[in-house]
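Asks: Quick one: the structure is below, questions incoming.
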Amino acid sequence: MLFFIIKFVDMVYNYYMNDIKKLLGRRIKELRVKQNLSQEQLAELVNLDRRSISNIECGNTFPSSSLSNIAVALKTDLKNLFDFECCCKSKDEVIDYINTKLPDLSIEQLKIIYRLIEVM
């Protein structure tokens, strides 16, 4: 399962990195606040400085090398970090968005999405 998540993230990274960075940053901040952690506290837990956490939460940088550590510090898993459902308004809007993006993907990317959906 982790392999498919990583492949999916890689695909999205190549096409929609700015959106993903912002969504992931918002999600990390949401989970950090729920844990009653300050940016400084989270930074200490994952061996980063507070400015790095701020840049991640603002969507300025992608925490590729510290992603697993952030998940552990927030007492969650990688799948939950990428649960952006809270950012979507309705199921129909999500389906419409996905349908508009699918034609632009390569067959390899579509196969990755297909496999990801199969394992859900």
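The values are calculated or read from the model by the stated rules, or taken from the named source; none is laboratory data. Bear in mind that the values here come from a model prediction, so they are computed numbers and not experimental data. When we count neighbours, we look across all protein chains shown, and the Cβ atoms used for this are built from the backbone with ideal geometry, even at glycine.
Asks: Please find, within segment 61-110, the residue that is modelled with the highest pLDDT out of those that are closer than 18 Å to LYS29 by Cα and acidic (Asp, Glu).
Replies: Looking at the filtered set, the residue picked out is ASP77.
Asks: Looking at segment 63-83, I want the residues that are touching a residue at least 24 places away in the same chain (Cβ under 8 Å) and of a type outside the set (A, V, I, L, M, F, W, C) and have a partner that is part of a loop (DSSP other than H, G, I, E, B) and surrounded by fewer than 18 Cβ atoms within 10 Å (Cβ to Cβ) with Cβ atoms under 8 Å, at least 6 apart or on another chain. Which pairs are those?
Replies: Here the result reads ASN69/ASN47; LYS75/GLN35; LYS79/MET1, each pair linking segment 63-83 to a residue that is part of a loop (DSSP other than H, G, I, E, B) and surrounded by fewer than 18 Cβ atoms within 10 Å (Cβ to Cβ).
Asks: Only one of (1) among the hydrophobic types (A, V, I, L, M, F, W, C); (2) under 19 Å from ILE6 (Cα atoms); (3) at pLDDT 90 or above is not met by ILE113, so which one is it?
Replies: The failed condition is (3).
Asks: Can you name every one of the helices (runs of 4 or more DSSP H) wholly within segment 58-115 that holds 2 or more residues which are of a type in the set (S, T, N, Q) and out of contact with any Lys or Arg (no Cβ under 7 Å at 6 or more places or on another chain)?
Replies: Passing ranges, in order: 67-73, 91-101.
Asks: Restricting to segment 29-57, count the residues that are of a type in the set (Gly, Ala, Ser) and in contact with a Lys or Arg (Cβ under 9 Å, 6 or more places away or on another chain).
Replies: Within segment 29-57, the subset of a type in the set (Gly, Ala, Ser) is 38, 43, 52, 54.
From what's left, in contact with a Lys or Arg (Cβ under 9 Å, 6 or more places away or on another chain): 38, 43.
Counting residues in segment 29-57 that are of a type in the set (Gly, Ala, Ser) and in contact with a Lys or Arg (Cβ under 9 Å, 6 or more places away or on another chain) gives 2.
Asks: Checking GLY59 against (1) small (Gly, Ala, Ser); (2) free of Cβ contacts under 8 Å to residues at least 40 places away in the same chain; (3) surrounded by 16 or more Cβ atoms within 10 Å (Cβ to Cβ); (4) out of contact with any Asp or Glu (no Cβ under 7 Å at 6 or more places or on another chain): exactly one of these is not met. Which one?
Replies: Looking at each condition in turn, GLY59 falls short on (2).
Asks: Looking for whichever is under 19 Å from the mean Cα position of the chain (by Cα) and closer than 20 Å to ASN18 by Cα here; the options are VAL94, VAL46, VAL72, VAL33. Which one fits?
Replies: Step by step, each of VAL94, VAL46, VAL72, VAL33 is checked, and only VAL94 is under 19 Å from the mean Cα position of the chain (by Cα) and closer than 20 Å to ASN18 by Cα.
Asks: So, one more: Applying the selection to segment 69-100, what residues are more than 23 Å from ILE53 (Cβ to Cβ) and surrounded by 14 or more Cβ atoms within 10 Å (Cβ to Cβ)?
Replies: The one that is more than 23 Å from ILE53 (Cβ to Cβ) and surrounded by 14 or more Cβ atoms within 10 Å (Cβ to Cβ): VAL94.
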